[in-house]
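Shown next, in structure tokens, is the structure this report addresses.
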Amino acid sequence: TQLLEQSPQFLSIQEGENLTVYCNSSSVFSSLQWYRQEPGEGPVLLVTVVTGGEVKKLKRLTFQFGDARKDSSLHITAAQPGDTGLYLCAGGIQGAQKLVFGQGTRLTINP
Amino acid sequence: DTAVSQTPKYLVTQMGNDKSIKCEQNLGHDTMYWYKQDSKKFLKIMFSYNNKELIINETVPNRFSPKSPDKAHLNLHINSLELGDSAVYFCASSQLAGANVLTFGAGSRLTVL
């Protein structure tokens with residue numbers, strides 16, 4: 001059973017479109033992180049959110065942590081080919097000293 | 001200058017062999033990890049060490065043995081390799097133990113034939 005479900009798993013859109021990726025769970029997390037992974041590389045942190053309802057912006061990327069700290073979303077405005085990659089959410093489990101990862105969303109932005 | 005470096009990047013070997021992957025971090029972090037990423041890109045934690053002490057050992061076959069000679073190094077030795085061990089293995093580190101921000105290495109792709 002997957003603790004964190006990401007949707008969609010695959011998304012291919014045209015340059016300039018907007019998109020949202022979701023990360024859902026029935027568990028409460030102490031924090032939620034988003035990573036981006038490119039082929040042949042390790043995941044790289046984009047953002048950490050820790051407070052329920054928190055919204056963080058990183059240029060054209062907007063991250064939101066759900067009020068109940070069970071879910072998160074990543075919204076990209078005016079997607080560009082450079083946004084192509086595997087996006088992973090990861091939840092911090094209080095007391096368990098570890099992060100659990102979602103299965104990832106493979107995003108392709110076509111020029 | 002690489003923050004977390006792991007070697008080798010590619011490893012192709014026969015079933016039944018024993019192999020090792022090495023990892024070093026120069027960030028001064030206290031905690032290091034091994035993650036396994038399968039063909040569907042699912043990242044799963046295997047082990048975590050905090051200051052050379054094992055703190056997380058997920059349900060991993062005991063053919064996998066991590067070793068941390070000091071807090072900047074965490075190596076992974078795998079005995080009697082099986083086909084299902086084929087995956088990309090990532091080393092990572094964080095400043096503190098727990099659900100902290102991870103800095104990953106570039107991964108080691110293991111292929112067992």
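The values are calculated or read from the model by the stated rules, or taken from the named source; none is laboratory data. Computed from a predicted structure; not experimentally measured. No Cβ is skipped: glycine too gets one built from the backbone with ideal geometry, and neighbour counts run over all protein chains shown. For the accessible areas, the whole protein counts, side chains as well, though only heavy atoms, and no ligand, DNA or RNA atoms are used. Shrake-Rupley method; radii C 1.70, N 1.55, O 1.52, S 1.80 Å.
A few notes on this one:
- Qualifying residues in region A:40-61 (those that are within 14 Å of chain B (Cβ to nearest Cβ), out of contact with any Phe, Trp or Tyr (no Cβ under 7 Å at 6 or more places or on another chain) and in contact (Cβ under 8 Å) with a residue 12 or more places away in the chain) - the one least open to solvent (accessible area, probe 1.4 Å): A:Thr48
- Hits in region B:5-45 - residues which are under 24 Å from A:Cys89 (Cβ atoms), within 10 Å of chain A (Cβ to nearest Cβ) and open to solvent by 30 Å² or more (accessible area, probe 1.4 Å): B:Asp38, B:Lys40, B:Lys41, B:Phe42, B:Lys44
- Check on B:Ser48, surrounded by 17 or more Cβ atoms within 10 Å (Cβ to Cβ), within 14 Å of the chain's Cα centre (by Cα), under 15 Å from B:Thr103 (Cα atoms) and touching a residue at least 24 places away in the same chain (Cβ under 8 Å): yes
- Qualifying residue in region A:66-88 (condition: open to solvent by less than 30 Å² (accessible area, probe 1.4 Å), within 17 Å of A:Val28 (Cα to Cα) and aromatic (Phe, Trp, Tyr)): no
- Only residues that are in contact with a strand residue (DSSP E or B) (Cβ under 6 Å, 6 or more places away or on another chain) and surrounded by fewer than 20 Cβ atoms within 10 Å (Cβ to Cβ) were counted across region B:67-85, and they come to 8.
- Taken across region A:20-38, residues that are exposed (fewer than 14 other Cβ atoms within 10 Å of the Cβ) and within 23 Å of B:Cys91 (Cα to Cα) do occur, with at least one present.
- Strands (runs of 3 or more DSSP E) wholly inside region B:12-113 that include at least 1 residues being within 17 Å of A:Gln97 (Cα to Cα): B:31-37, B:43-50, B:53-57, B:87-94
- B:Pro8 vs. criteria without any contact (Cβ under 8 Å) to a residue 24 or more places away in the chain and not polar (S, T, N, Q): no
- Being more than 25 Å from A:Leu86 (Cβ to Cβ) and among the charged types (D, E, K, R) holds for only one residue in B:Lys40, B:Lys44, B:Lys19, B:Lys36, and it is B:Lys19.
- Taking every residue in region A:92-103 that is within 17 Å of A:Tyr22 (Cα to Cα) and pairing it with any residue that is modelled with pLDDT under 80 and surrounded by fewer than 17 Cβ atoms within 10 Å (Cβ to Cβ), at least 6 positions away or on another chain, the pairs with Cβ-Cβ distances below 8 Å are A:Gly102/A:Gln2; A:Gln103/A:Gln2.
- Applying the criterion of being small (Gly, Ala, Ser) and part of a strand (DSSP E or B) to the residues of region A:89-101, the residue that is surrounded by the fewest Cβ atoms within 10 Å (Cβ to Cβ) is A:Gly92.
- Within region A:70-109, the set of residues being β-branched (Val, Ile, Thr) and either on the phi > 0 side of the Ramachandran plot or out of contact with any strand residue (DSSP E or B) (no Cβ under 7 Å at 6 or more places or on another chain) (or both) comprises A:Thr77 only.
- Within region B:86-99, the residues that satisfy the criterion of being open to solvent by 10 Å² or more (accessible area, probe 1.4 Å) and in contact with a His (Cβ under 9 Å, 6 or more places away or on another chain) are B:Gln95, B:Leu96.
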